[in-house]
1. Name the residues in region 123-160 that are modelled with pLDDT of 85 or more and part of a loop (DSSP other than H, G, I, E, B), would you?
2. How many residues does region 1-36 contain that are outside any loop (DSSP other than H, G, I, E, B) and in contact (Cβ under 8 Å) with a residue 12 or more places away in the chain?
3. Pull out all pairs, ordered by first then second residue, where Cβ-Cβ is under 6 Å, the residues are six or more apart or on different chains, the first lies in region 103-126 and is under 15 Å from Val92 (Cβ atoms), and the second is part of a helix (DSSP H, G or I) and open to solvent by less than 80 Å² (accessible area, probe 1.4 Å).
4. Name every residue in region 51-73 that is open to solvent by 80 Å² or more (accessible area, probe 1.4 Å), modelled with pLDDT of 90 or more and either in contact with a Pro (Cβ under 8 Å, 6 or more places away or on another chain) or more than 21 Å from Gly39 (Cβ to Cβ) (or both), in order of residue number.
5. Kindly list the number of the only condition in (1) open to solvent by 70 Å² or more (accessible area, probe 1.4 Å); (2) at pLDDT below 90; (3) part of a helix (DSSP H, G or I) that fails for Pro87.
6. In region 1-49, which residues are of a type in the set (A, V, I, L, M, F, W, C), closer than 20 Å to Thr133 by Cβ and surrounded by 16 or more Cβ atoms within 10 Å (Cβ to Cβ)?
Amino acid sequence: LAAFSIGIGIGSILAAQLSAGRIILVMGPVGTIVMGLVGLDAAWLASQATPGDTPVSVGAFLSTGAGIRMTIDLAVLAMAGGFLIVPVFAAVQSWANKDARARVIAGVNVLSAVFMTVGAIGLAVLQGFNLSTPTLLLIVAVLVWRLKRSSEPSVSARDLDYATNADRLLGLRG
C-alpha cells in the first residue's frame, strides 16, 4: 500500500510538472501502455512464485529479489495511474463550462466509482472460477491494453463539448 501510494503521488507530480500548466492528453495513453506492460510483468512474476505455508512479513518479502521487483511493479503501476489521471482530470475541469463544472466533476467521480465497482465484481466472479492471482493479473493487463486501443478518440477532444455531454449523461439536460 505504501509503494502504491508513493507511486501515484510521484506519477501525479511528474504529470503536473511535465504539463507545465497545459492540457497534454498524450500522457494518458503513455500511462495506459506502462500500466499494461507492468501488469504483464507482475502477472509473470506472480506465476513464478510458490505459495508458502505461513504468511511472510514485509521485511522478509522485501529481502527477496521477487519481493523487491513486485514492489517496484506496484509503484510503477501506480505512477502510470497518476500519469494517466492528472491530465485527463485537468482536461475535464478545464473544458467544462464554469456553470456546469461541479456537475461534470461529480459525474466523472460517479462514473469512476461505477467502473471500480464493476471491476471489483468482475474480479470476484473470476475468483469464483478459482482463477489464480497470476491469471487475474494477466486478464487485467490485457484488458488495460484492449481498453487503451478501443478508447482512442476518432475526433479531437477539443471538438467535444464535455459539459453538455456530461449533463446529458447525468440527465441534467435534454
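1. Phe129, Asn130, Leu131, Ser132
2. Total meeting the criteria: 25.
3. Pairs found: Val104/Ala163; Val104/Ala166; Gly107/Ala166; Val108/Val92.
4. If the condition is that a residue be open to solvent by 80 Å² or more (accessible area, probe 1.4 Å), modelled with pLDDT of 90 or more and either in contact with a Pro (Cβ under 8 Å, 6 or more places away or on another chain) or more than 21 Å from Gly39 (Cβ to Cβ) (or both), then Val58, Ser63 are the ones that fit.
5. Status for Pro87: all satisfied but (1).
6. Ala3, Met35, Leu37, Val38, Leu40, Ala42, Ala43, Leu45, Ala46
Rundown of residues vs (1) aliphatic (A, V, I, L, M); (2) closer than 21 Å to Gly36 by Cβ, yes/no style:
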site: Ala96; (1), (2): yes, no
site: Ser112; (1), (2): no, yes
site: Met116; (1), (2): yes, yes
site: Val142; (1), (2): yes, yes
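The values are calculated or read from the model by the stated rules, or taken from the named source; none is laboratory data. If you're wondering where the values come from, they're calculated on a predicted model, not measured in any experiment. Cβ coordinates were reconstructed from backbone atoms using ideal geometry, including for glycine residues, and neighbour counts include every protein chain displayed. Accessible surface areas use protein heavy atoms only, side chains included; no ligands, DNA or RNA. Shrake-Rupley method; radii C 1.70, N 1.55, O 1.52, S 1.80 Å.
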